[in-house]
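Enquirer: So that we are looking at the same thing, I have put the structure below in C-alpha cells.
Only the coordinates and a few stated rules stand behind these numbers; no lab work does. All values derive from a computational prediction rather than experimental measurement. No Cβ is skipped: glycine too gets one built from the backbone with ideal geometry, and neighbour counts run over all protein chains shown.
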Amino acid sequence: MILFLGLVFNFKYAFSQAIPRFNPDTLLTVKIDKDVVVKVGKSGLNVEDFIHEIVTDTSFYEAFRNMKKYSFTAENSIYTYNKKNKVVGSIYRKLQHSPTGNHLKIISEKSEGDLYKRNGDYDLTTLKLFDYIFMRAYKSGYTAEDDKSDDGSKSESYKDKLKTLIFSPGRPVKGVPFISSKTEIFTANMRQDYDYRFFKGMYLDSIPVYRFKVTVKNDLSKGEKDGIMIKELTTIFDQRNFQILGRYIDMKLNNLAFDFDVQMNIEMGYFDGEILPTKVSYQGNWDVPFKKEERASFLVLQKGYSMP
C-alpha cells in the first residue's frame, strides 16, 4: 500500500504546481488556445466521447511496453525535500537503453545529500519504487509477457494497482482500503461532484490537441471536497485521430489511514508512427502511520528512439 501511494503520478505547464517548491519540470509542451464550442451529437464532440475513449483506451499502456523494443536515451532527475520543502537530496542519471544485449548503460550518474540508509538502501520508499519501475524497465528488453506479474509479490501487486489508476482511470483500484471506490469518477454517483470541460491547444508546437479536463466542482462544501481523492484528471488527445498523448492526475486525501498530496504527468510522442513515452514528472508528499513522511519529485525524459 505504501509503495502504491509512493508513485501516483504532473501535466504542468498550463497547470499551477499544487505543492509550492522546486519543480524540476520546466519544459513547456502544451499551449492552450481557447474553449472548444461544445456540440452534442453527430455534429461534434461531447463529454461522453472523451469519457468513452479514456475508459476504453489501451494504447497509453502499450506505449510503455513497446518502448523496450527501441534504443533510446533517458535522463532521470530526482529530488527529496525536508518538511520546509527545501531540497535535501538529489540524483541525476543519464542512461542508454538497448533492446538487445546489455540493455542498460549508465552514461553519467551523480547524487548529493541524504538519500541512503547505513546499509546502502534508499531512505525513502518513493525512491525504491522509482527504481523498481524505471530502472527495472531500462534493464530489460521487450517480451510479450511484460503485462503479467512476475512473482505474485507485494511489489507486483502494487504495480498492478498503479497500472489501473494511470492507464485505466475511472475504474476501481481494488485491494486498497478507503480508496478503491474514490477512483471511479465516471460513475453516475460521482459525476455530480465534477465539472467537465475541453479546450483546443497545440502540443510541441505542431500537433493540434484537445485537453479534456475533469475537476472538482467549486460549489461543493469543504467537507465534500476533502472527501474526494482525485481533484483533477486531465487528458490530452490528438485532434486528428483522438490518440491519447498525455495524462495529468492531481490527488489529495487526508484520513486516518493516509495523508498524501501528489501530482503526476505523463506525455507521449510519435516516433515512426508509433506512440512512445517522452516525459514523466511527479510531485508528491505522503505520510502513513508509523512511517517516515516522504517528500519527493522527479522528472524522466526519454528521447532518441531508434530501432537497432
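Enquirer: How do Thr56, Thr234, Thr187 rank when sorted from fewest to most other Cβ atoms within 10 Å of their own Cβ?
Expert: Placing the least packed residue first, the sequence is Thr56, Thr187, Thr234.
Enquirer: Using amide H atoms built 1.01 Å from N in the peptide plane, name the residues 5+ places from Gln239, or on other chains, whose amide H lies under 5 Å from its own.
Expert: Under 5 Å from the amide H of Gln239: Val209, Tyr210.
Enquirer: Something else now. Counting other beta carbons within 10 Å of each residue's own, what order do Leu129, Leu45 fall into, fewest first?
Expert: Final ranking by Cβ density, sparse to dense: Leu45, Leu129.
Enquirer: How big is region 181-276 by the Kirkwood estimate over distinct Cα pairs, in Å?
Expert: With all distinct Cα pairs of region 181-276 included, I get 14.9 Å.
Enquirer: Now for a separate question. From the P(r) of region 238-305, can you give the percent of Cα pairs sitting at distances over 21 Å?
Expert: Considering region 238-305, 43 percent of its Cα-Cα pairs are separated by more than 21 Å.
Enquirer: Moving on to the next point. How do His52, His103, His97 rank when sorted from fewest to most other Cβ atoms within 10 Å of their own Cβ?
Expert: Ordered from fewest to most neighbouring Cβ atoms within 10 Å, His52, His103, His97 come out as His52, His103, His97.
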